[in-house]
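The values are calculated or read from the model by the stated rules, or taken from the named source; none is laboratory data. On a predicted model such as this, the values are computed, not experimentally measured, just so you know. Neighbour counts run over all protein chains shown; Cβ positions are idealised from the backbone, glycine included.
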There are 2 protein chains.
Amino acid sequence: MDKLQGKVVVAQGGGPTAVINQSLVGVVLESRKFPQITKVYGAVNGVNGIINERFLDLTQETTNNLERVAVTPSSALGSTRDKPDAKYCEEIFEVFRMHNVRYFFYIGGNDSADTVRIVNEQAEKSHYEFRAIHIPKTIDNDLVLNDHTPGFPSAARFVAQSFIGLNLDNRALPGVHIGVVMGRHAGFLTAASAVAQKYPDDGPHLVYLPERPFTMEKFLDDVDNVYKRLGRCVVAVSEGIQDEKGTPILTKFKDLGCDAHGNVQLSGTGALGELLVQQVKNKLQVSRVRSDTLGYLQRSFMGCVSDVDQREAREVGEKSAQFAIWHDTDGSITINRTGYYSVDYQIQPLDKIAAKTKLMPDEFINAQGNNVTPDFKYYLQPLLGSSMIEASRLRAPEAPTIRKKD
Amino acid sequence: MDKLQGKVVVAQGGGPTAVINQSLVGVVLESRKFPQITKVYGAVNGVNGIINERFLDLTQETTNNLERVAVTPSSALGSTRDKPDAKYCEEIFEVFRMHNVRYFFYIGGNDSADTVRIVNEQAEKSHYEFRAIHIPKTIDNDLVLNDHTPGFPSAARFVAQSFIGLNLDNRALPGVHIGVVMGRHAGFLTAASAVAQKYPDDGPHLVYLPERPFTMEKFLDDVDNVYKRLGRCVVAVSEGIQDEKGTPILTKFKDLGCDAHGNVQLSGTGALGELLVQQVKNKLQVSRVRSDTLGYLQRSFMGCVSDVDQREAREVGEKSAQFAIWHDTDGSITINRTGYYSVDYQIQPLDKIAAKTKLMPDEFINAQGNNVTPDFKYYLQPLLGSSMIEASRLRAPEAPTIRKKD
């Protein structure tokens, strides 16, 4: 095997996750082992740092500190929302050539996979020997060909632990509680709330996903039924819920959620939760109605992580370095489930992953479109990691009354 | 010592906390040891369960299950927002007398302390031998005569871990981020966000508390200064921030935060965060401005708890039973700091605790009124419990550039 000598560049893109630095550290530690690697650079703020030549020399980072960074959530190199076009990718490639960068690892979602694909094509066209690998990362769990993606299990665990708490809170002080979860197109993260259903009357009692059309009438009817049956109701709702035409629900009711300029914000705000709260208050005459928007904590909260996710995120980083440097391969690393529970990693052509979105399969959603199935819970369970906590209830009998009831 | 024979009633009031069931279990396990205790009843939904004679017979609960309930957040007996008046307290007393209840333990905030006080006075007037104890609980940490209150340390830990994450997220994708924390009058919980400040440029860079008058001008000026200096800014804000006259800020700007009916919601919504986001967007022309309202997760999230808090919450329950049953004493249990870090428990007259509010002392707030002091961090540190996590950064040097800068 002829050895391609040069630098490694690793970068992180898109929204941070709890384990994105595991993948970074996996790439760095593995790459540093190869004698043909002259330097391991980390690009500051993703592709933006590449075109601005802002690199940290990770060859000079201590192993101990790398291990501490690995357990710290959110991109240690900084991230970016830049979505490179062909021109931008040319600039990336130009900097790579100048620095004799021969290996590029980009940790990110499907947009990042697309960037890797374009840069790689330019290298091929220029007959520049180059290996580029996309390392999956997204709390949305929406990358095709992956059983699941690093970052999702930890975010799912956060959502699950949140809803265990919200259900207990709602049980102690009954009413209707609506929790809004991230996920614009894929409902996996919202669906993770269903782990909180331990006892038969535990919430979330209703789970609404972007994969099924949402109508306000059906929603109010569902809530009304649960509330009449249990005297309380916990709802998990994806921020991306939409009508049958794909129009986000918040846009349809924009007269209800307004800001100083009458603009509707779709994300990073509590507007959807408040819209639904108002509807329940007004239409169902329930007095205690509250909402929580789980927000950025879902991807950044420090101290809620799945150890399975940590391990896999590290391994996809490590395997990427092996695929590229040892095996001279380009592509996107995928996680494949091989047992219950075991995984293996493969490498797939970039164009099979890039700019594609995986949605919740039909068998994970109930017929009514307002909850998940046991199949989904079976799928999710091993991802949440070890020592997953659960809530317990008092089981003492009611004491006999003395006072005559009139 | 003459032994007062009869039943124990224990109840939980107000907002749930992560450790409120530790206190419950402390009372139950300790009470069950005394031969003069005929039954240990738990009132369902606080005082409301008492007047409706809804009791669980906790004498028939297994110790194992009690221990599992102890580590479950949110009132296992259910809670209530009822604030009993004299008439209501008479009804409570009537039920107690009927059931030969001789010991009453009410776990709650300062409103609950007041209920205990009134019921106790009625017993005295009626020459009914009776011991009533208030057991402190509030994430607001606002009970007088207490160094701190059970529930606060775990909520503070949740807020701290949240802001560690929000700061990392904001560092990876820079902009202005505003996190809204619970606390209508006392700023302790918001102040806990400051634990996230590890590296000198870590957020939260600004902390706004109800104890200091808030002006929009000063806020915008502060944010502008931090943003110009660091290119980003993380703000922690108490939901209870008010102007110099004590008017909640959200009320003053109600034209900006509206719902379907033009009503302003002060709590359980993201309205304050969104108001501040709009102000920063409009007045400072910062494009990436986001807010998170930490919401009910602060008091109910399952899996983020301070072991110090757990231990103390258990002990205040246990000590209550000892004070009442062994020592024939009434009152409110207080936590007193005796060293760094050690505590002792005392019992105080109910009227010294009831319906009073403790605020952040001046030495915990900086001169500018927009952050906390090292004194506060020193106070808070031991409460957060063991294995408090911290974030780590890459420290690798920047690599030399090659491309000529123009």
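Just to verify a result, which residue in the stretch B:287-303, among those that are surrounded by fewer than 24 Cβ atoms within 10 Å (Cβ to Cβ) and in a loop (DSSP other than H, G, I, E, B), is nearest to the other protein chains (Cβ to nearest Cβ)?
Among residues in the stretch B:287-303 that are surrounded by fewer than 24 Cβ atoms within 10 Å (Cβ to Cβ) and in a loop (DSSP other than H, G, I, E, B), the one nearest to the other protein chains (Cβ to nearest Cβ) is B:Gly303.
Could you go through the stretch A:353-363 and let me know if any residue there is within 14 Å of chain B (Cβ to nearest Cβ) and of a type outside the set (D, E, K, R). Spell out the reasoning first.
Residues of the stretch A:353-363 within 14 Å of chain B (Cβ to nearest Cβ): none.
There is no residue in the stretch A:353-363 that is within 14 Å of chain B (Cβ to nearest Cβ) and of a type outside the set (D, E, K, R).
So which residues in the stretch A:75-98 are at the interface with another protein chain (Cβ under 9 Å from one of its Cβ atoms) and touching a strand residue (DSSP E or B) at 6+ places or on another chain (Cβ under 9 Å), if there are any at all?
Residues of the stretch A:75-98 that are at the interface with another protein chain (Cβ under 9 Å from one of its Cβ atoms), as a first pass: A:75-81, A:94-95, A:98.
Residues satisfying the conditions are A:Ser75, A:Ala76, A:Leu77, A:Gly78, A:Ser79, A:Thr80, A:Val95.
Which of the residues belonging to the stretch A:97-128 are free of Cβ contacts under 8 Å to residues at least 40 places away in the same chain and β-branched (Val, Ile, Thr)?
From the stretch A:97-128, those free of Cβ contacts under 8 Å to residues at least 40 places away in the same chain are A:97-98, A:118-119, A:121-128; that's our starting set.
A:Ile118, A:Val119, listed by residue number.
Out of the residues in the stretch A:196-231 meeting the condition of being touching a His at 6+ places or on another chain (Cβ under 8 Å) and more than 16 Å from A:Gln279 (Cβ to Cβ), tell me which one is surrounded by the fewest Cβ atoms within 10 Å (Cβ to Cβ).
My answer is A:Leu230.
Return a yes/no flag: does the stretch B:27-39 have any residue that is buried (at least 24 other Cβ atoms within 10 Å of the Cβ), within 21 Å of B:Glu315 (Cα to Cα) and at the interface with another protein chain (Cβ under 9 Å from one of its Cβ atoms).
No: the stretch B:27-39 contains no residue that is buried (at least 24 other Cβ atoms within 10 Å of the Cβ), within 21 Å of B:Glu315 (Cα to Cα) and at the interface with another protein chain (Cβ under 9 Å from one of its Cβ atoms).
On the given criteria, is A:Ala399 of a type outside the set (Phe, Trp, Tyr) and closer than 30 Å to A:Gln278 by Cβ? Steps first, answer last, please.
Details: of a type outside the set (Phe, Trp, Tyr): yes; closer than 30 Å to A:Gln278 by Cβ: no.
Against the criterion (of a type outside the set (Phe, Trp, Tyr) and closer than 30 Å to A:Gln278 by Cβ), A:Ala399 does not qualify.
Can you list the strands (runs of 3 or more DSSP E) found entirely within the stretch A:150-241 that contain at least 1 residues being polar (S, T, N, Q), within 30 Å of A:Pro136 (Cα to Cα) and in contact with a Pro (Cβ under 8 Å, 6 or more places away or on another chain)?
Values: elements: A:176-181, A:206-208, A:233-238.
Once the strands (runs of 3 or more DSSP E) in the stretch A:150-241 are filtered for at least 1 residues that are polar (S, T, N, Q), within 30 Å of A:Pro136 (Cα to Cα) and in contact with a Pro (Cβ under 8 Å, 6 or more places away or on another chain), what remains is A:233-238.
Residues checked against (1) within 25 Å of B:Val372 (Cα to Cα); (2) of a type outside the set (Asp, Glu):
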| residue | (1), (2) |
| --- | --- |
| B:Glu312 | no, no |
| B:Lys319 | no, yes |
| B:Ala324 | no, yes |
| B:Tyr340 | yes, yes |
| B:Asp344 | no, no |
| B:Pro349 | no, yes |
| B:Lys352 | no, yes |
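Any idea which of (1) facing chain A (nearest Cβ under 10 Å); (2) among the charged types (D, E, K, R); (3) in contact with a Ser or Thr (Cβ under 9 Å, 6 or more places away or on another chain); (4) closer than 21 Å to B:Glu129 by Cβ is the one B:Arg68 doesn't satisfy?
For B:Arg68, the exception is condition (4).
Under the condition of being surrounded by 24 or more Cβ atoms within 10 Å (Cβ to Cβ) and aromatic (Phe, Trp, Tyr), which residue from the stretch B:99-157 is nearest to B:Ser342 (Cα to Cα)?
B:Phe152
Do we find that A:Asp307 is at pLDDT 95 or above and more than 14 Å from every other protein chain (Cβ to nearest Cβ) in this structure?
Against the criterion (at pLDDT 95 or above and more than 14 Å from every other protein chain (Cβ to nearest Cβ)), A:Asp307 does not qualify.
Going by what's in this entry, would A:Asp147 be described as over 29 Å from A:Arg232 (Cβ atoms), modelled with pLDDT of 95 or more and not polar (S, T, N, Q)?
Values: over 29 Å from A:Arg232 (Cβ atoms): yes; modelled with pLDDT of 95 or more: yes; not polar (S, T, N, Q): yes.
Judged against the criteria, A:Asp147 is a match.
Anything in the stretch B:30-57 that is in contact with a Leu (Cβ under 7 Å, 6 or more places away or on another chain) and farther than 21 Å from B:Gly109 by Cα? List them, or say none.
B:Gln36, B:Val40, B:Leu56
Give the residues of the stretch B:41-63 that are within 7 Å of chain A (Cβ to nearest Cβ) and either among the aromatic types (Phe, Trp, Tyr) or in contact (Cβ under 8 Å) with a residue 40 or more places away in the chain (or both), sorted by residue number.
Scanning the stretch B:41-63 gives B:Tyr41, B:Glu53, B:Phe55, B:Leu58.
Does A:Thr334 meet the test of being assigned to a strand (DSSP E or B), at pLDDT 95 or above and more than 21 Å from the chain's Cα centre (by Cα)? If you could, list the steps in order and put the result at the bottom.
Working: assigned to a strand (DSSP E or B): yes; at pLDDT 95 or above: yes; more than 21 Å from the chain's Cα centre (by Cα): no.
Taking the combined requirement at face value, the residue does not satisfy it.
For the stretch B:76-98: of the residues being within 12 Å of B:Ala43 (Cα to Cα) and over 29 Å from the mean Cα position of the chain (by Cα), which is surrounded by the most Cβ atoms within 10 Å (Cβ to Cβ)? I'd like the intermediate steps shown before the answer.
From the stretch B:76-98, those within 12 Å of B:Ala43 (Cα to Cα) are B:76-80, B:92, B:95-96; that's our starting set.
Add one more test, that the residue is over 29 Å from the mean Cα position of the chain (by Cα), and what stays is B:95-96.
On the way: B:Val95: 21, B:Phe96: 23.
Looking at the filtered set, the residue picked out is B:Phe96.
Might you let me know whether the stretch A:358-375 holds any residue that is under 23 Å from B:Met302 (Cα atoms) and either aliphatic (A, V, I, L, M) or surrounded by 20 or more Cβ atoms within 10 Å (Cβ to Cβ) (or both)?
Taking the stretch A:358-375 as the starting set, the residues that turn out to be under 23 Å from B:Met302 (Cα atoms) are A:371-372, A:374.
Keeping just the survivors that are either aliphatic (A, V, I, L, M) or surrounded by 20 or more Cβ atoms within 10 Å (Cβ to Cβ) (or both) gives A:371-372.
Checked against the condition, which is being under 23 Å from B:Met302 (Cα atoms) and either aliphatic (A, V, I, L, M) or surrounded by 20 or more Cβ atoms within 10 Å (Cβ to Cβ) (or both), the stretch A:358-375 yields at least one hit.
Across the stretch B:387-406, what is the total count of residues that are modelled with pLDDT of 90 or more, more than 7 Å from chain A (Cβ to nearest Cβ) and more than 35 Å from the chain's Cα centre (by Cα)?
The number of residues fulfilling the criteria is 1.
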